[in-house]
1. Before anything else, pin down the relative contact order of region 151-294: Cα pairs under 8 Å, at least 6 apart, normalised by residue count, whole percent.
2. How do GLU128, GLU214 line up, fewest other C-beta atoms within 10 Å first?
3. Quick one: compute a quarter of the convex hull surface over the Cα atoms of region 22-131 and quote it in nm².
4. For LYS170, give me every one of the aspartates and glutamates with a C-alpha distance below 13 angstrom, ignoring sequence neighbours fewer than eight places off in its own chain.
5. With respect to the cross-link table entries LYS243/LYS267; LYS32/LYS110; LYS231/LYS335; LYS231/LYS324; LYS231/LYS286, which display a Cα-Cα separation exceeding 18 Å?
6. Quickly estimate the mean residue ellipticity at 222 nm for the chain, helices only: each DSSP H run with n ≥ 4 gives -39500 (n - 2.57), and the total goes over all residues, rounded to 500.
7. Roughly how large, in nm² to one decimal, is the mean projection of the convex hull of the alpha-carbon atoms in the chain?
8. Which residue, chosen from ALA320, THR183, LEU247, occupies the Cα position most advanced towards the positive end of the dipole of the chain, where the dipole is computed from +1 (Lys, Arg) and -1 (Asp, Glu) charges on Cβ about the Cα centre?
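No lab work stands behind these numbers, since they all come straight from the coordinates. Remember, it's a predicted structure, so these values are computed and weren't measured experimentally. As a convention, Cβ positions derive from the backbone with ideal geometry for all residues, glycine included, and neighbour counts pool all protein chains shown.
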Amino acid sequence: MKKKIFLTIGFALLIGFIANWSIIIYGVRQLKGQLAIIYNTKPVTEILNDSSIPDSIKIKLKLIEEVRKYAIDSLGLKNTENYQAYYDQKGKPVLWVLTASEPFSMKAYKWKYPFLGKLSYKGFFSKEAGEAEEKQFMQKGYDTDLSPVSAWSTLGWFRDPILSGMLKRKEGSLAELIIHEMTHATLYVKSDVTFNENLATFIGEKGAQKFLSERMPEETDDYNQRLYDNKLYSSNVVHSVSKLDSLYKDSHFLSLTRKEKYKAKYKMIASILSDMNKLPYHKPEKYRWNFINDKLPGNTWFLSFSDYHEAQPMLEQIYADSCKSDVKALVAYFKTKYGK
């Protein structure tokens, strides 16, 4: 009897292993990519003591350490060993993220991962591997996007390094990025991309504003103008998700041929972007769509903004009403809510 039980368990494990072979291969490739970065990092202290390193880099590295300590002490974020090592990207992207969605539905495709749950994106340290998987989705008719990212969080699995590309950011943007990623390391809710990214976005922005006002007040106006433009832009993109959703569910649209559906879809997207080009940005050149040179985006572009900005009004209300506009209290609020 025991032999039969063991054989059954062994067979089940074998079936499970075969069924998950693709995710195992993917995991091994991601581990290899992550370790390649970690093995080629240098301690920040070593960079600071290297006379051949430009002062401009050292100033930004010292700023990151100041932001990191501030986020721990004043914002209540978790103290980890992240951002204490430096990786030189040699001017090249190191991670690409793939997103996909159905062509006539505002529904993102979700990949299933061990421990993390279902996520609406998939990362690749090899651009070629990302393009190969993107091609598979495109052949099935999905909207897709494959883009490089400037930072990511390993949620404590590894010591996240400072990437050289981060240092190109202005002070406020850099502070926001570090606080954003530290929020992920502090609180992560399985399978809830929208909550995780919206919370990190909210705390990153509020935390950066607080840090600048206390430590670098001369940078506050510039950052607040950039933040205003970004919020104006992103809120309009998020609002447009419902417009596209209504179009796809319209009875007339459903009666169209596939070719006609694509025509109606991109006509609405062009109209949305045209209206957004008229918004009163402080720096319009950064946000206005170039219809001559830029390809019109698909559903994935709109949905990615929802992942990061859809819940901002809800978080703003909790921040003001339940947390008395205190970032540290907001962090504690959600840690208590999710038992972290």
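1. It rounds to 18 percent for region 151-294.
2. Taking fewest neighbouring Cβ atoms as first place, the list is GLU128, GLU214.
3. Approximately 10.1 nm², given one-decimal rounding.
4. Leaving aside aspartates and glutamates fewer than 8 places away in the same chain, those within reach of LYS170 are GLU218, GLU219, ASP221, ASP222.
5. Beyond 18 Å between Cα atoms: LYS32/LYS110; LYS231/LYS335; LYS231/LYS324.
6. -19500 deg cm²/dmol
7. 22.8
8. With unit charges placed on the Cβ atoms, the residue in question is LEU247.
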